[in-house]
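K.L.:
Mind having a look at this structure? Questions to follow.
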Amino acid sequence: MSRTALRICPLCEATCGLTLTVEGTAVTGARGDREDVFSKGFICPKGAAFGAVDGDPDRLRGPLVRRDGELREATWAEAFDAVAAGIRPLVERYGPHAVGVVLGNPNVHTMAGALYPPVLLAGLGTRSLFTASTVDQMPKHVSSGLLFGDANAIPVPDLDRTDHLLLIGANPLESNGSLCTAPDFPGRLKALRGRGGTLTVVDPRRTRTARLADRHVAVRPGTDALLLAAMTQVLFAEGLVDLGELTPHVQGVDELRDAIRDFTPEAVAAACDLDAALIRTLARELAAAPTAAVYARIGSCTVPHGTLASWLVDVLNILTGNLDRPGGALFPQAATDRAPRPAGPGRGFDLGRWHSRVARHPEVKGELPLSALAEEIDTATEEGTPIRALIAVAANPVLSAPDGDRLDKALGSLDFMVSVDPYLNETARHAHVVLPPPPPSQSPHHDFAFNTLAVRNQVRYSRPAVPLEPGRMAETEILARLTLAVTGMHGADPAAVDDLVIGQTLGKAVRDPRSPVHGQDPERLAARLTGATGPERRLDLMLRLGPYGDGFGARPDGLGLDRLLAHPHGIDLGPLRPRLPQPLRTRSGRVELLPGPIAADLPRLRAARDDRPTGLVLVGRRHLRSNNSWMHNVPALTGGTNRCTVHLHPDDAARLGVRDGQPVRVTGPGGAVTVPAEITDGVRRGVVSVPHGWGHDRPGTRLGHASADPGVNVNQLLDGRTLDPLSGNAVLNGVPVEVTALTDGSDPLAAGPRPDAPQPQPLAPLT
Ligand SMILES: Nc1nc2c(c(=O)[nH]1)N[C@H]1C(S)=C(S)[C@@H](COP(=O)(O)OP(=O)(O)OC[C@H]3O[C@@H](n4cnc5c(=O)[nH]c(N)nc54)[C@H](O)[C@@H]3O)O[C@H]1N2
Ligand SMILES: Nc1nc2c(c(=O)[nH]1)N[C@H]1C(S)=C(S)[C@@H](COP(=O)(O)OP(=O)(O)OC[C@H]3O[C@@H](n4cnc5c(=O)[nH]c(N)nc54)[C@H](O)[C@@H]3O)O[C@H]1N2
Ligand code: SF4
Ligand SMILES: [Mo]
């Protein structure tokens, strides 16, 4: 007997509603939920493969504990005993900073990842926190922190209403969008063009997104900040600055004009390898559009000037009056956000409150750069202790961070490691204890993070589509028990963690004169929370105290968990609305257009105007049927065009004597890999592209399908030493590499060129 169940898809940031077909405990089908208030039936191939991802036979079914050097199956009780016995003595002997915590990307795709790591970190008190943010979007947090005083106040392009979208270093036709949650991003881009709007794409590759655009600008990798600075300069020079209604909320316009005066289009054109006239046109088009939004992602963040590029994106939105207006870029308001406080001066945003031990990298948002994790483990210094134990939750940094070989070795040297991961993969294989969460069908879902980044305000919640199988433990309970085990409360009731958070939140609320529950009894309020589990009660609490909440009766038609459960396809909360100045938390209470740390980084950008790479540079790419490092084990999502190859422009291939399909050696600052060449004019000259997340050939993993076609780890080309200094973000794009053709006898194409191989072309020099 089959039945259907609704489940929000956790496989990317688009958060589509799915209708699952369930037979027994197995998900046998998935289609888009046409009644979902946000995704309206959209689904992509990954969502359609939900059942295969969910039912992968290589997913671990129960915990593993290392005994006599080998990971063996164990009971949950044994596993948590081992965690407590492994971590506590190290904390007591070396202090909390000797325990590192690594939080990987899927934490933003699970309820457990949103609700428990903050408690774990607070309880442990470690400063050795590393997350996927520093190989991703940390520059955006820093620019938001400096501009708006809140690192999580990230404006989102108003995709459905804008007249002009300038999309930089993002490829939503493969990624389905990032820091811009929009189910059916492709359809929304087509609709933009359909209503007469324009789409400009800035990307060194002619991506599927670029092919949809009115204009594709094949910028040289790593130079977005120069391009955007020059566009800003043009706005000032040509009198195109018009802040409109933002004027009273922004300070520093004149200072900014002076600071970027010398970033003229002519001064940056050669570095960007673009015509100065084109840069002027881009600025004029942006200013002339009735409404416009500048939006940038991975390609603009994971580069040496990532924070400056992220800052300039919002600077352009502000100077053209497009920040915080419909059709521009706005701040979403999620149902689980804290109720808005009145506008006014805030605490501001500080960087570098402490530093990493070895390279003295500044802390950012309480984190250290993931690139520095290996050295924080394997390098002794006069002061402080190296990391001796590690807690990795949903993270595979051996593949996703620079120089995986060094990190692999470092992880092998730890006194103790615990991994919360469904797979025994390249990172988890070093753990002493592996705690596997259940598959997504058996987990509840709410998008705490992505609803704060969504192009429409809405709220949805899915209860588990399938009951927990015997022997499984909910990931929320795993993280609650883990928290107790590492903070000296091993064995306590995991509900204590939820009760603690609920008590603290209500305690604060009843003392706050602006809160609808001011003066009430927190214990009575706690007793009124609904929800079948601790995490549900916490969701109920956040909803009820949130911006749309019922305030525990103060607004009877407001939100709470009960109401959400009564709307299984979600509740639409309307289009994005202007919110300034309320979200600002700067010390001035205004948007601080030229923050000190940014101004201090401009000389470095000025110097970059003279950079001209002499050889090839590396960029990444994503494939629609993949997701970072963890989906290559699903047969339905591999094969076809989803392959680990190096994309080479035909002219570069000809110059290097490389034929399509031939293995080539790619060498970077951190190492070399051998990978088949794929010759395509989808990359610009001088640029090669290798996808990340591959390299599944290490021993001791349990990834049957992935290890049969392992690919290579592109991050082995990086040495982890090149960072965006303001954010600590790794430089993953625009890295100089060498490519050499391999002429060994193993080359199946050595006999001669294929008849359809591209004809050699003389190499046009890079300016
Ligand atoms: N060269 C290059 N490198 C990159 C990038 C790039 O563009 N180029 N992109 C970077 C980016 S943007 C990111 S976000 C990082 C991602 O890097 P990571 O944060 O390391 O994420 P993944 O590689 O996706 O690995 C996720 C891990 O979580 C596990 N997992 C999956 N589902 C769950 C779950 O429900 N619960 C738990 N506990 N675990 C789960 C998986 O098995 C896997 O081990 O990679 C970065 N690395
Ligand atoms: N299918 C799939 N979807 C995913 C993921 C996945 O791995 N696979 N990962 C998820 C995650 S964790 C994230 S963070 C998002 C990322 O989402 P996106 O940011 O959309 O990621 P990419 O597809 O890597 O697009 C980045 C683009 O930047 C270009 N680029 C490289 N260097 C530069 C540069 O210097 N300047 C400019 N202008 N462009 C440059 C690359 O050619 C590439 O096309 O995707 C998410 N969704
Ligand atoms: S676009 Fe993302 S959220 Fe939607 S079905 Fe595909 S993987 Fe799932
Ligand atoms: Mo990411």
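K.L.:
Among what's in segment 25-77 and is within 13 Å of ligand 3 (Cβ to nearest atom) and basic (Lys, Arg), pick the residue that is farthest from Asn642 (Cα to Cα).
P.N.:
Across segment 25-77, the extreme among qualifying residues is Lys40.
K.L.:
Continuing with the same structure: Of everything in segment 138-158, what is crowded, with 24+ Cβ neighbours inside 10 Å and closer than 30 Å to Asn642 by Cα? Give them in sequence order.
P.N.:
If the condition is that a residue be crowded, with 24+ Cβ neighbours inside 10 Å and closer than 30 Å to Asn642 by Cα, then Met138, Pro139, Lys140, Pro157 are the ones that fit.
K.L.:
His445 versus (1) more than 16 Å from ligand 4 (Cβ to nearest atom); (2) surrounded by fewer than 24 Cβ atoms within 10 Å (Cβ to Cβ); (3) touching a residue at least 40 places away in the same chain (Cβ under 8 Å); (4) closer than 28 Å to Leu718 by Cβ: which is the lone unmet condition?
P.N.:
Of (1) more than 16 Å from ligand 4 (Cβ to nearest atom); (2) surrounded by fewer than 24 Cβ atoms within 10 Å (Cβ to Cβ); (3) touching a residue at least 40 places away in the same chain (Cβ under 8 Å); (4) closer than 28 Å to Leu718 by Cβ, only one is false for His445: (4).
K.L.:
Determine whether segment 152-172 contains at least one residue that is touching a strand residue (DSSP E or B) at 6+ places or on another chain (Cβ under 7 Å), within 16 Å of ligand 1 (Cβ to nearest atom) and assigned to a loop (DSSP other than H, G, I, E, B).
P.N.:
yes
K.L.:
Residues Arg88, Arg72, Arg66, Arg59: which one is among the charged types (D, E, K, R), within 29 Å of the chain's Cα centre (by Cα) and more than 30 Å from Arg188 (Cβ to Cβ)?
P.N.:
Within the list Arg88, Arg72, Arg66, Arg59, the selection yields Arg59.
K.L.:
Next up: Among the residues of segment 1-31, write down those that are closer than 17 Å to Ala636 by Cβ and in a strand (DSSP E or B).
P.N.:
Leu18, Leu20, Thr21, Ala26, Val27, Thr28, Gly29, Ala30, Arg31, listed by residue number.
K.L.:
Can you say whether Arg7 is more than 16 Å from ligand 2 (Cβ to nearest atom), under 30 Å from Gly700 (Cα atoms) and of a type outside the set (A, V, I, L, M, F, W, C), as far as the supplied structure shows?
P.N.:
no
K.L.:
Search segment 351-377 for residues that are farther than 22 Å from Gly670 by Cβ and pair each with any residue that is among the basic types (Lys, Arg) when their beta-carbon atoms are under 6 Å apart and the residues are at least 6 apart or on different chains.
P.N.:
Trp354/Arg127; Glu363/Arg353
K.L.:
Take the conditions within 16 Å of ligand 3 (Cβ to nearest atom), at pLDDT 95 or above, under 29 Å from Asp160 (Cα atoms) and in contact with a strand residue (DSSP E or B) (Cβ under 9 Å, 6 or more places away or on another chain) and apply them to Thr307. Does it pass?
P.N.:
Numbers: within 16 Å of ligand 3 (Cβ to nearest atom): no; at pLDDT 95 or above: yes; under 29 Å from Asp160 (Cα atoms): yes; in contact with a strand residue (DSSP E or B) (Cβ under 9 Å, 6 or more places away or on another chain): yes.
No, not satisfied.
K.L.:
Additional query: Applying the selection to segment 65-81, what residues are part of a strand (DSSP E or B) and buried (at least 16 other Cβ atoms within 10 Å of the Cβ)? Walk me through how you get there before you give the answer.
P.N.:
Initial filter on segment 65-81 (part of a strand (DSSP E or B)): 65-67, 70-73.
Those that are part of a strand (DSSP E or B) and buried (at least 16 other Cβ atoms within 10 Å of the Cβ): Val65, Arg66, Leu71.
K.L.:
With respect to Pro402, is the statement that it is touching an Asp or Glu at 6+ places or on another chain (Cβ under 7 Å), assigned to a loop (DSSP other than H, G, I, E, B) and within 30 Å of Glu92 (Cβ to Cβ) true?
P.N.:
Values: touching an Asp or Glu at 6+ places or on another chain (Cβ under 7 Å): yes; assigned to a loop (DSSP other than H, G, I, E, B): yes; within 30 Å of Glu92 (Cβ to Cβ): no.
No, not satisfied.
K.L.:
Ser371 is checked against (1) part of a loop (DSSP other than H, G, I, E, B); (2) touching a Pro at 6+ places or on another chain (Cβ under 7 Å) and fails just one. What number does that condition carry?
P.N.:
(1)
K.L.:
How many residues are farther than 17 Å from Thr320 by Cβ and crowded, with 20+ Cβ neighbours inside 10 Å when one looks only at segment 244-262?
P.N.:
Here the count works out to 0.
K.L.:
Has segment 209-219 got at least one residue that is within 23 Å of the chain's Cα centre (by Cα) and farther than 20 Å from Asp314 by Cβ?
P.N.:
Yes, segment 209-219 contains a residue that is within 23 Å of the chain's Cα centre (by Cα) and farther than 20 Å from Asp314 by Cβ.
K.L.:
Return the residue satisfying two criteria in turn: it lies in segment 179-208 and is crowded, with 23+ Cβ neighbours inside 10 Å and hydroxyl-bearing (Ser, Thr, Tyr), and of such residues it is farthest from ligand 2 (Cβ to nearest atom).
P.N.:
Selected residue: Thr181.
K.L.:
Among the residues of segment 324-344, are any in contact with a strand residue (DSSP E or B) (Cβ under 7 Å, 6 or more places away or on another chain) and within 27 Å of Gly671 (Cβ to Cβ)?
P.N.:
Looking through segment 324-344, none of the residues is in contact with a strand residue (DSSP E or B) (Cβ under 7 Å, 6 or more places away or on another chain) and within 27 Å of Gly671 (Cβ to Cβ).
K.L.:
Scanning for something within 16 Å of ligand 3 (Cβ to nearest atom) and under 21 Å from the mean Cα position of the chain (by Cα), does segment 196-204 turn up at least one residue?
P.N.:
No, segment 196-204 contains no residue that is within 16 Å of ligand 3 (Cβ to nearest atom) and under 21 Å from the mean Cα position of the chain (by Cα).
K.L.:
Within segment 515-632, considering only helices (runs of 4 or more DSSP H) that don't extend past its boundaries, which have at least 3 residues that are over 29 Å from Pro464 (Cα atoms)?
P.N.:
596-608
K.L.:
Among the residues in segment 384-406, are any farther than 30 Å from Gly574 by Cα, surrounded by fewer than 18 Cβ atoms within 10 Å (Cβ to Cβ) and charged (D, E, K, R)?
P.N.:
yes
K.L.:
Kindly indicate whether any position in segment 650-663 is part of a helix (DSSP H, G or I), of a type in the set (Gly, Ala, Ser) and either more than 16 Å from ligand 4 (Cβ to nearest atom) or buried (at least 17 other Cβ atoms within 10 Å of the Cβ) (or both).
P.N.:
yes
K.L.:
Residues being part of a helix (DSSP H, G or I) and surrounded by fewer than 22 Cβ atoms within 10 Å (Cβ to Cβ): count how many of those fall in segment 288-343. Give the derivation first.
P.N.:
First, pick out the residues of segment 288-343 that are part of a helix (DSSP H, G or I): 288, 298-301, 306-319.
Among the residues that remain, those that are also surrounded by fewer than 22 Cβ atoms within 10 Å (Cβ to Cβ) are: 288.
Within segment 288-343, residues that are part of a helix (DSSP H, G or I) and surrounded by fewer than 22 Cβ atoms within 10 Å (Cβ to Cβ) number 1.
The values are calculated or read from the model by the stated rules, or taken from the named source; none is laboratory data. From a predicted model like this one, the values you see are computed outputs, not experimental measurements. Methodologically, a virtual Cβ is constructed for each residue, glycine included, from the backbone with ideal geometry; neighbour enumeration extends over all protein chains shown.
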